[in-house]
Amino acid sequence: MSEHIEPMKKKEISVNDVEFAQIEQNGPKNLFTQMQGFWVTFATMFKKVNTVNYPEVKEPTAERFHGRHQLNRYDDGLEKCIGCELCAWACPADAIFVEGAANTDEHRMSPGERYGRVYQINYLRCIFCGLCIEACPTRALTMTNEYELADETRAKLIFEKDDLLAPLRAGMLMPPHPMYPNTTDTNYYKNEIKSSHPSQEVSN
Amino acid sequence: MTPDTDVIVEQITLVIDGFEVTVPKGTLVIRAAEKLGIQIPRFCDHPLLDPVGACRQCLVDIEINGRAFPKPQASCTIPVEPGMIVKTQLTSPVADKAQKGVMELLLANHPLDCPVCDKGGECPLQNQAMSNGNPEMRLDGVKRTFEKPVAISSSVLLDRERCVLCARCTRFSDQIASDPFITLNERGALQQVGIYEEDPFKSYFSGNTVQICPVGALTGTSYRFRARPFDLVSTPSACEHCASGCDLRTDVRRGKTLRRLAGDDAEVNEEWNCDKGRWAFKYVTATDRLTVPQVRNENGELVTASWPEAIAAAAAGLSRGAAVLVGGRATYEDAYGYSKFARVALGTNDIDFRSRTSSDEEREFLAARVVNSTTTYRDIDKADQVLLVGFEPEEESPIVFLRINKQFKKRALKVTSIGSKESIAVEKLSANFVCVQPGQEAAAVATQELTAKSVILVGERAAESAGLLSATAALADRTGAKLAWIPRRAGERGALAAGAIGNLLPGGRPVADAAARVDIASLWNVDSLPSEIGRSADQIVSDINSGKISALLVGGVDPLDGPNPDATVAALEKAFVVSLEIANSEVTKYADVILPVAAITEKSGSFLNWEGRARAFETAVDSLNRSDLRILSMIADELGHSISLGTVANAAKEIASIGNWDGATISTPNVSAASAHSVSGDQAVLTSWRRLLDLGTLQKGEENLAGTARRTVAVISPKRAAALGVVDGQLLKISNSNGWVMLPALVENIHDDAVWAPRNSAGSQLLANLGVAHNSVVTVVKA
Ligand code: SF4
Ligand code: SF4
Ligand code: SF4
Ligand code: SF4
Ligand code: FES
């Protein structure tokens with residue numbers, strides 16, 4: 001096909017042949033026209049303000065804002081995370097590091113066989129896409145609306161399990177502790193445990 | 001499976017999914033399809049196990065000469081036939097529906113465990129449920145549940161809910177390992193893998209069941225919940241534990257080895273390995289790893305030093321006239337480094353890799369018969385008889401055991417074992433056991449009848465009985481049988497080939513041969529090499545103690561492995577010792593300069609297995625540690641006699657350029673046997689061997705693995721038991737002038753004059769406790 005196109009001869013076209021558009025350069029406008037321009041600025045001073053005085057004043061985020069992650073607990077305080085690494089697998093930014101371990105009767109962090117012994121999210125990598133949340137089979141991982149994550153060192157931006165775990169609410173006990181009597185992990189998964197049982201209280 | 005190349009097999013042509021394929025007669029349909037790249041889903045099928053057709057996942061439509069089977073057939077059980085037309089799930093809706101149905105039934109009782117299951121991410125059930133299953137589950141009932149997990153041994157856990165009853169594990173332990181400890185119990189929905197009640201699954205090969213289980217029903221305790229497949233960086237490696245030479249894969253997560261799997265090498269380990277190779281790797285990350293050089297100061301204290309300081313101190317000490325002891329665990333390249341270092345930098349042939357009981361007879365035997373030996377696993381496959389001399393295959397080279405066992409199962413291969421105690425392997429192989437007093441094996445060897453198709457496997461313990469190696473070589477000469485020497489440690493054959501021994505230079509060249517010395521001297525770019533035959537390990541130790549040698553370079557030797565630990569320790573105390581080690585040891589305690597080196601996973605290199613076959617491995621874990629030969633190069637430079645072996649690759653290249661020796665070899669030794677011990681009353685002749693799982697340095701920190709070790713016992717014959725009034729389990733005290741051990745008795749088939757105890761197991765460290773391990777008279781009494 002190329003044989004039909006005549007090769008362009010050098011120097012056939014030079015920069016000097018290209019026409020430049022003339023830009024109109026008018027002088028300063030008169031005072032009235034200038035005032036007209038400032039009017040927009042002036043009128044805005046009397047409009048409703050959309051920004052706030054951050055950080056003194058903070059506005060709530062959108063309901064589904066993707067903020068810092070949280071590792072949730074069951075209502076008796078046991079951790080929901082089973083250390084399955086599915087979140088780490090789903091993460092497109094390779095921001096999550098998880099290492100599982102086995103629960104034992106003496107040291108139980110979550111219902112069932114397995115818990116997340118190491119859990120780290122690297123906020124230098126996270127792009128807040130939320131894919132990890134979708135991957136989590138136990139709803140252990142969700143996102144909060146917290147967005148103030150800036151810090152002065154890189155190390156501080158790698159959040160450990162302690163930084164991510166949800167606080168204990170009323171009725172919750174700090175693991176490790178045994179499971180609610182006569183229940184299985186299925187009961188937990190179906191959200192049938194509503195609060196801790198006195199027998200779960202063990203001196204750690 | 002490896003077809004025997006010498007047998008010509010009839011070829012059969014059939015059609016699968018419209019494509020013609022020609023395969024040898026006897027091939028299974030599923031494998032013929034693989035040849036075309038058509039994958040039929042499967043669970044129970046395994047190329048190295050007998051077909052069972054247990055899972056029914058591999059159903060296909062088959063038609064032979066126009067006659068169709070009425071129902072889909074299991075393609076893993078049906079051998080090909082001429083005129084066969086096979087339609088897999090790809091072309092037959094019936095087969096596809098059948099497979100989906102089987103999958104649905106399998107999943108009906110399968111737990112939703114994937115997130116907590118170790119197999120998740122590399123699970124054939126997950127994968128095939130995606131590729132050949134229905135996307136929706138129709139069953140909505142309650143699933144069968146079992147208590148989970150059950151420990152079937154300290155290193156293997158069983159989750160019965162996940163089992164798909166493929167019988168791979170049970171077939172493996174029965175057909176390959178001959179350890180029928182696990183079976184399928186019950187029937188129907190409750191069918192499950194079980195162990196005999198009081199006997200846990202104690203097999204040296206149990207890890208293979210974990211690897212071949214197509215689901216997460218069998219998992220390894222140490223790897224449990226540690227990682228997902230996508231976390232792991234895999235490196236092909238070779239096993240450093242024994243001379244079998246298994247091909248392995250090392251899986252590392254963030255600089256830490258998490259698991260090792262058996263690699264696939266049809267010529268060597270097929271697809272198996274032993275539990276030690278699979279589960280003993282934590283020693284590398286043990287807490288007492290050395291990281292910086294240390295030098296002993298004027299006050300006799302070890303202090304941290306910089307590398308240049310330590311190298312200078314080592315060079316200064318070694319220049320006073322030194323010998324070299326390199327353990328049998330060095331890689332081929334490192335051993336070559338030590339060998340060259342001794343000759344070029346130290347100007348001596350005083351080097352020995354045998355950090356164990358050895359003899360001059362053995363050294364000559366190795367030079368005459370082993371360094372050029374070409375016996376291989378293939379010869380075992382083809383043998384008409386295998387003779388085991390001073391060699392316990394299951395304990396000392398487990399893959400050799402599997403290979404013999406394979407032929408025993410397949411064609412009742414005749415096995416004869418000469419020794420003093422009947423072992424478990426001897427029983428499993430229905431071997432002809434020739435029972436002799438410890439030390440008297442030579443006479444029994446001399447009377448064996450073999451043919452040119454027989455194979456003699458002689459172990460490193462043969463050196464402990466005078467005349468045995470001579471007699472074995474003579475037997476091989478008389479009958480034409482193939483002879484192989486199988487050491488226990490992975491590096492010994494390589495060290496021998498590298499000339500890390502006093503009478504040989506690299507490539508099997510005798511030190512005493514002027515032409516051989518010229519050969520190597522020109523390769524090494526030096527004017528001449530020392531011509532005097534070097535001292536053996538024992539002589540080195542005694543000559544240090546008598547003041548004839550003043551310095552010693554030691555690489556990975558445990559003095560308690562030698563025949564006379566006290567003398568070795570005394571020598572270490574006396575000499576200026578430079579120790580190249582990965583961790584603190586008995587040697588570093590006395591060392592004057594300690595130089596930390598890279599562990600196996602941190603460097604590349606190779607081993608020669610007992611066949612002399614190179615087993616190369618790559619760096620699996622990045623580290624700052626240097627390999628032995630790099631450090632030796634630095635010391636050599638400091639000494640002013642460069643050995644120029646900066647990298648493993650350099651050394652490998654240099655080794656490859658050596659070539660074979662076609663000159664005269666050292667003649668086979670002819671040592672006569674010692675006369676029998678006369679024992680009376682409570683006296684007995686001690687015999688022992690090391691068990692596969694024991695207190696070995698490379699098994700440090702592996703508690704789960706240690707849990708599957710065999711029980712520590714003292715074995716005596718029924719006659720002796722009656723004389724002592726002892727029954728199984730009662731304590732026996734074995735003693736001599738050096739000390740004693742106290743062990744529960746086990747009455748078994750052992751020579752009446754003998755007593756057996758494990759050499760280095762918990763509660764029975766014979767060399768440390770008694771100073772002897774074999775062929776020595778001890779007193780055995782009821783404790
Ligand atoms: S939000 Fe997205 S990027 Fe951040 S951790 Fe989750 S998956 Fe990774
Ligand atoms: S947070 Fe959820 S997905 Fe991540 S490891 Fe824990 S259970 Fe698994
Ligand atoms: S065996 Fe496979 S399918 Fe079954 S729970 Fe484990 S990963 Fe999932
Ligand atoms: S435990 Fe695994 S290998 Fe054994 S029968 Fe069950 S699924 Fe098969
Ligand atoms: S693979 Fe054929 S029946 Fe299991």
Residue match in region A:94-109 (condition: acidic (Asp, Glu), within 10 Å of chain B (Cβ to nearest Cβ) and surrounded by 21 or more Cβ atoms within 10 Å (Cβ to Cβ)): no
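For region B:571-579, state whether one or more residues are in a helix (DSSP H, G or I), under 24 Å from B:Ala345 (Cβ atoms) and open to solvent by less than 10 Å² (accessible area, probe 1.4 Å).
Within region B:571-579, the first condition is being in a helix (DSSP H, G or I), and the residues that meet it are B:571-574.
With the extra rule that they be under 24 Å from B:Ala345 (Cβ atoms), the set shrinks to B:571-572, B:574.
Next, only the ones that are open to solvent by less than 10 Å² (accessible area, probe 1.4 Å) stay: B:571-572.
Taking every residue of region B:571-579 in turn, at least one turns out to be in a helix (DSSP H, G or I), under 24 Å from B:Ala345 (Cβ atoms) and open to solvent by less than 10 Å² (accessible area, probe 1.4 Å).
Considering region B:628-637 alone, what residues qualify as being farther than 19 Å from B:Leu290 by Cα and at pLDDT below 95?
none
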Any hit, region A:54-67, residues being over 17 Å from the mean Cα position of the chain (by Cα), of a type in the set (Ser, Thr, Tyr), away from ligand 4 (no atom under 16 Å from the Cβ) and within 21 Å of B:Leu112 (Cα to Cα): no
All positions within region B:236-251 that are open to solvent by less than 10 Å² (accessible area, probe 1.4 Å) and either within 14 Å of another protein chain (Cβ to nearest Cβ) or over 14 Å from the mean Cα position of the chain (by Cα) (or both): B:Thr250, B:Asp251
Of the criteria (1) open to solvent by less than 70 Å² (accessible area, probe 1.4 Å); (2) within 14 Å of chain A (Cβ to nearest Cβ); (3) in contact with a Leu (Cβ under 9 Å, 6 or more places away or on another chain), which one B:Ile78 fails: (2)
Filter pass, A:Gly130 being within 11 Å of chain B (Cβ to nearest Cβ), of a type outside the set (Ser, Thr, Tyr) and either in contact (Cβ under 8 Å) with a residue 40 or more places away in the chain or under 27 Å from B:Thr219 (Cα atoms) (or both): no
Residue ID - farthest from the other protein chains (Cβ to nearest Cβ), chosen from residues in region A:69-93 that are free of Cβ contacts under 8 Å to residues at least 60 places away in the same chain and in contact with a strand residue (DSSP E or B) (Cβ under 6 Å, 6 or more places away or on another chain): A:Cys87
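Looking only at strands (runs of 3 or more DSSP E) that fall completely inside region B:431-503, which ones have 1 or more residues that are under 18 Å from B:Thr668 (Cβ atoms) and touching a Lys or Arg at 6+ places or on another chain (Cβ under 9 Å)?
Numbers: elements: B:432-435, B:455-459, B:482-486.
In region B:431-503, B:455-459, B:482-486 are the strands (runs of 3 or more DSSP E) which contain 1 or more residues that are under 18 Å from B:Thr668 (Cβ atoms) and touching a Lys or Arg at 6+ places or on another chain (Cβ under 9 Å).
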Hits in region B:110-130 (condition: within 14 Å of another protein chain (Cβ to nearest Cβ) and open to solvent by 40 Å² or more (accessible area, probe 1.4 Å)): B:Leu112, B:Cys114, B:Glu122, B:Gln126
B:Ser627 being out of contact with any Pro (no Cβ under 8 Å at 6 or more places or on another chain), without any contact (Cβ under 8 Å) to a residue 60 or more places away in the chain and under 30 Å from B:Thr376 (Cβ atoms): no
Wholly within region B:235-324, strands (runs of 3 or more DSSP E) carrying at least 3 residues that are within 19 Å of B:Val621 (Cβ to Cβ): B:247-253, B:256-262
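Out of all the residues in region B:197-216, is one or more in contact (Cβ under 8 Å) with a residue 12 or more places away in the chain, within 14 Å of chain A (Cβ to nearest Cβ) and outside any loop (DSSP other than H, G, I, E, B)? Write out each step before concluding.
Step one: filter region B:197-216 for residues in contact (Cβ under 8 Å) with a residue 12 or more places away in the chain, giving B:199-216.
Going one step further and asking which of them are within 14 Å of chain A (Cβ to nearest Cβ), we end up with B:216.
Add one more test, that the residue is outside any loop (DSSP other than H, G, I, E, B), and what stays is none.
No: zero hits.
Of the residues B:Gln39, B:Gln89, B:Gln57, which single one is part of a loop (DSSP other than H, G, I, E, B), within 16 Å of ligand 3 (Cβ to nearest atom) and among the polar types (S, T, N, Q)? Can you show your working first?
Values: B:Gln39 fails: within 16 Å of ligand 3 (Cβ to nearest atom); B:Gln89 fails: within 16 Å of ligand 3 (Cβ to nearest atom).
Every option except B:Gln57 fails the conditions.
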Lone unmet requirement of (1) in contact with a strand residue (DSSP E or B) (Cβ under 7 Å, 6 or more places away or on another chain); (2) surrounded by 15 or more Cβ atoms within 10 Å (Cβ to Cβ) for B:Thr22: (2)
Out of A:Ile121, A:Ile127, sole residue that is farther than 30 Å from B:Thr145 by Cα, away from ligand 3 (no atom under 16 Å from the Cβ) and buried (at least 24 other Cβ atoms within 10 Å of the Cβ): A:Ile121
Candidate set: region B:131-172, residues that are open to solvent by 60 Å² or more (accessible area, probe 1.4 Å) and of a type in the set (D, E, K, R); chosen: the one nearest to ligand 3 (Cβ to nearest atom): B:Lys143
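Taking B:Arg224, is it within 13 Å of another protein chain (Cβ to nearest Cβ), open to solvent by less than 30 Å² (accessible area, probe 1.4 Å) and closer than 19 Å to A:Leu86 by Cα?
No, not satisfied.
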Where B:Ala95 falls short, out of the listed (1) part of a helix (DSSP H, G or I); (2) surrounded by fewer than 21 Cβ atoms within 10 Å (Cβ to Cβ): (2)
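Before we move on, is A:Lys48 out of contact with any Pro (no Cβ under 9 Å at 6 or more places or on another chain), in a loop (DSSP other than H, G, I, E, B), surrounded by 10 or more Cβ atoms within 10 Å (Cβ to Cβ) and among the charged types (D, E, K, R)?
On the way: out of contact with any Pro (no Cβ under 9 Å at 6 or more places or on another chain): yes; in a loop (DSSP other than H, G, I, E, B): yes; surrounded by 10 or more Cβ atoms within 10 Å (Cβ to Cβ): no; among the charged types (D, E, K, R): yes.
So A:Lys48 fails the test.
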Among residues of region B:712-771, those that are assigned to a strand (DSSP E or B), open to solvent by 10 Å² or more (accessible area, probe 1.4 Å) and within 17 Å of B:Ala783 (Cα to Cα), counted: 10
When residues of region B:98-146 are limited to those that are within 16 Å of ligand 5 (Cβ to nearest atom) and part of a loop (DSSP other than H, G, I, E, B), the one nearest to the chain's Cα centre (by Cα): B:Cys123
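The values are calculated or read from the model by the stated rules, or taken from the named source; none is laboratory data. Since the model is a prediction, treat every value here as computed from it, not as a measurement. With ideal geometry, Cβ positions are generated from the backbone for all residues, glycine too; neighbour counts draw on all protein chains shown. The protein model used for the area step is the full one, side chains on, heavy atoms only, and it has no ligands, DNA or RNA in it. Shrake-Rupley method; radii C 1.70, N 1.55, O 1.52, S 1.80 Å.
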